[in-house]
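The values are calculated or read from the model by the stated rules, or taken from the named source; none is laboratory data. All of these numbers come straight from a predicted model, not from anything done at the bench. With ideal geometry, Cβ positions are generated from the backbone for all residues, glycine too; neighbour counts draw on all protein chains shown.
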Amino acid sequence: MSFVRLFTGLALLLLAPSVIATTFTFTAIPDEDESQLRTRFDKVALYLEEKLGVEVKYVPVKSYSAAVTAFRNNQVQLAWFGGLSGVQARRLVPGSLAIAQGYEDQFFKSYFIAHASTEIIPSDSFPNLNGYTFTYGSKNSTSGRLMPQFFIERNLGKNSKDIFKRIGYSGDHSRTIAQVQAGVYQVGAVNYKVWETALANGKVDLNKVSVIWESPAYPDYQWTIRGDVDAQFGAGFSEKVTATLIGMKDPELLASFPRQSFVPAENLDYEAVEDVAKAIGLID
Amino acid sequence: MLGQVLKPSKQFSFVGYWKKVTLMLWAVTLVCFYFADTEIIALDPWSELLLIGQGFIAPDFFATEYLLQALWQTVSFALLGILIALILGAPLALVYHKPYVAAFCAFIRSIHEIFWALLFLQIFGLSPLTGILAIALPFAATFARVFSDILQQSPITTLQTLPHGTDRVSRYLYGRLAHVLVSVRAYVRYRFECALRSSAVLGFVGMPTLGFYLETAFRQGHYHQGAALLMLFIALIGTIPYWCRLKLLPFYFILAIWALPEIPNIDGALIWRFLSQDILPPMFQNQTFQSHGLQSSGMSGAEILSQFGDWLISLLSEQALPGIIATLLLAVAALGMSHIFALVASAISDKRLSGGVIAQTNRFLLLILRSVPEYIFAFVFMLLLGPSMLPAILALAIHNGALIAYLTVRHADNVAVSAHFNHKIDGYGYEVLPAIYPNMMALLFYRFEVILRETAILGMLGIATLGFYIDSNFAEIRFNGALVLMFVTALLNIAVDILSRRVLYSKNKGQLACAH
């Protein structure tokens, strides 16, 4: 590791006097379409800049864990997190607050979808999934992994490793739909909004794949802000950000997330998510 | 043990050395295939494959935002990564004969760029430094090894003819460096191509290179965009000889440094936190906290140690061991397949055997196949064949087989044939193959190290190799676990490296210079 040390030393010498962050920076990964991220969220940055009166910048990230890292390292002060990544971030940054969530996120849900060949009949009671192949979405996804795994293990009373013949992590909700439709996996869990958008866009062939179970509601995406922003940007800054987010009415901006509006939220709303993550062993 | 079997024995003297190596390789491959999970499961891939096909017929070059920036960033990370790698690696080559230097380099080299990037991401954040260093470190370690190999093989006769009393600098410059300059330059050029590929792949973990958009496009099913990006990527690599001229390099370097994205302030506290907290096993983290607060720690030293033991054992038995098994099965099966692919492909791309037009077409195909990242192959094969190990084996075999075939064909072109050459397969097997085979096998075994490293990327696609578990640990923000697994990966790579050297180096030491 002496290399790393040498380099960090060198880098520190070279870079220490460079720009010290005075811009308010945020990141967001939308749960549906991830194309044209910067083009879309630069508009959100512009809106925040107008309302907050400070320079605002958007940083694109690839994954929830990258978002959590950036938040923890104070490279971003505000982030649009999934339920689980928000919990992870707030545990790592004491004093940080969930300030707003999407209207839809108050009662979010997952759909379990199955290939037609499985002949599982859609039902309100939890289907018997023993022996099938199953795919989650991304490893860190709340609606594609955390909650589905919790419902599976609670309803079937076993560790999910012992239930399925094969478990996959497709990495993305759209991928989950594509893979179950292609029969790569027999059953999968997916964010309900992504499913409905795909259905509306004609990307789903209902003869091949359909919803077999809807999960109970749980809270999901939220805006989380660091606790030290008031010290950095002035007293009351955090409340100002909250008001600005909730006041976002432009449909074009909201469509980037995509949410119909933002409503207030607090850390307590996500206690259930944290408990589930602990129960599954995703956090200690 | 392998070496002993391969030694020429009296009973089987009619079976040559290379026949034995080949048969052994195939036998081991078959065993791995038997134990590997190669079940074919896919009911209905055609509609998705049709969409992918449509994407390639009508690629959309305008769907990607900031495309030029991404292209330039890909080049710039590669350039700066190589530059730093040369600065670090060249001096190391001079002391590479010391065992601890060699071991240190082997360790650095054996960790994939993606994992270096994930690690640096914790320290430097989303900074260009993360991407550049992730390329520079493993490449520096590779340079050190290869340059030292090249130096060893260069003649020392010039040194002896220099006039008495020549100063050391001149002796070194004229007597040693002048001999190796050509091969060093050729090698650096080849590594630049590798660096470009690595730079693009770093986009998968969030660096702003082509891979950032490529991975998103394929993952989300935007195939028109994905196809366009893939074509651009292949074109970028295919046209290196045209735009990467020695004279232009200084200009590029200046441009690369000038156009670097803003480097965020580096926080020494982050580095310290990473080293003193994040990477420690959970029970030690608490310990540090408590001793700082001078509170009575709830646990005795023995308790902490036993907890640490439990933690380590469960990590090793639940993640490292299955990961090692899957990684080895996958890599060896892919190695055998690569061998067969390279053998067949280099034969059908030989002008003397299949005629000019067909050979040229095949060579062009090889160029494309070796340029496409394994990730994309695995992605498509997964739709076709289902989520077993088979898609990954095929992806690795095609990519690496094509690369070996490409280099072997170039070698074969320089092999002179006799006047009796009959332009048929027996003529090829009798005159050309024996000449090129040792070099091809050397390439193949060198690639094994690469294949082993590349299983990391496929792990991110969901195949349960060590890379999969490392990725999971990073996703769950468990850097301590990730670090232990990275260490295990490095040890595995080193062990395999030692073994493959035993099989090969003793036999044909002289031919490996061009093999890397």
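Listing for the model above:
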item	result
Unmet criterion (only one of (1) at the interface with chain A (Cβ under 10 Å from one of its Cβ atoms); (2) under 30 Å from B:Gly309 (Cα atoms); (3) of a type in the set (Ser, Thr, Tyr)) for B:Ser276	(1)
Test result for A:Lys51, assigned to a helix (DSSP H, G or I) and either surrounded by fewer than 24 Cβ atoms within 10 Å (Cβ to Cβ) or in contact with a Ser or Thr (Cβ under 8 Å, 6 or more places away or on another chain) (or both)	yes
Residues being touching a residue at least 24 places away in the same chain (Cβ under 8 Å) and more than 14 Å from A:Pro216 (Cβ to Cβ) - total across segment A:107-154	29
Among (1) crowded, with 18+ Cβ neighbours inside 10 Å; (2) modelled with pLDDT of 95 or more, the one test that A:Glu214 misses	(1)
Scope segment A:210-239; condition of a type outside the set (Asp, Glu) and without any contact (Cβ under 8 Å) to a residue 40 or more places away in the chain; matching residues	A:Ala231, A:Gly234, A:Ala235, A:Gly236
Which numbered condition B:Ser506 misses (of (1) away from chain A (no Cβ under 14 Å); (2) modelled with pLDDT under 80; (3) within 24 Å of B:Leu329 (Cα to Cα))	(3)
Test: residue in segment B:230-244 that is surrounded by 23 or more Cβ atoms within 10 Å (Cβ to Cβ) and small (Gly, Ala, Ser)	no
Failed criterion for B:Ala227 (all others in (1) at pLDDT 85 or above; (2) in a helix (DSSP H, G or I); (3) farther than 18 Å from B:Ala200 by Cα hold)	(3)
Selection within segment A:112-168 - among the aliphatic types (A, V, I, L, M), part of a helix (DSSP H, G or I) and under 24 Å from A:Ser63 (Cα atoms)	A:Leu146, A:Met147
A:Val87 being under 28 Å from A:Asp284 (Cβ atoms), surrounded by fewer than 24 Cβ atoms within 10 Å (Cβ to Cβ) and of a type in the set (A, V, I, L, M, F, W, C)	no
Pair list, Cβ under 8 Å, 6 or more apart: segment B:262-286 residue in contact (Cβ under 8 Å) with a residue 60 or more places away in the chain, other residue outside any loop (DSSP other than H, G, I, E, B) and of a type in the set (Gly, Ala, Ser)	B:Ile266/A:Ala11
Some residue of segment B:463-478 being in contact with a helix residue (DSSP H, G or I) (Cβ under 9 Å, 6 or more places away or on another chain), surrounded by fewer than 24 Cβ atoms within 10 Å (Cβ to Cβ) and away from chain A (no Cβ under 14 Å)	no
Residue count, segment B:175-224 (criterion: among the small types (Gly, Ala, Ser) and either buried (at least 24 other Cβ atoms within 10 Å of the Cβ) or closer than 27 Å to B:Leu67 by Cβ (or both))	9
Single residue of segment B:116-148 satisfying the filter (at negative phi and outside any helix (DSSP H, G or I)) that is modelled with the lowest pLDDT	B:Leu126
When residues of segment A:90-117 are limited to those that are more than 13 Å from chain B (Cβ to nearest Cβ) and of a type in the set (D, E, K, R), the one surrounded by the most Cβ atoms within 10 Å (Cβ to Cβ)	A:Asp105
Options A:Ser143, A:Ser174; residue that is buried (at least 21 other Cβ atoms within 10 Å of the Cβ), within 24 Å of A:Glu104 (Cβ to Cβ), more than 14 Å from chain B (Cβ to nearest Cβ) and touching a Lys or Arg at 6+ places or on another chain (Cβ under 8 Å)	A:Ser143
Any hit, segment B:35-48, residues being of a type in the set (Asp, Glu), outside the structural domain of B:Ile340 (by TED's automatic domain parsing) and assigned to a helix (DSSP H, G or I)	yes
Qualifying residue in segment B:53-76 (condition: within 14 Å of chain A (Cβ to nearest Cβ), among the β-branched types (Val, Ile, Thr) and assigned to a helix (DSSP H, G or I))	no
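So that you can scan it fast, the table gives a plain yes or no per residue for (1) among the hydrophobic types (A, V, I, L, M, F, W, C); (2) under 29 Å from B:Leu485 (Cα atoms):
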{"position": "B:Ala405", "(1), (2)": "yes, no"}
{"position": "B:Asn414", "(1), (2)": "no, no"}
{"position": "B:Leu443", "(1), (2)": "yes, yes"}
{"position": "B:Arg453", "(1), (2)": "no, yes"}
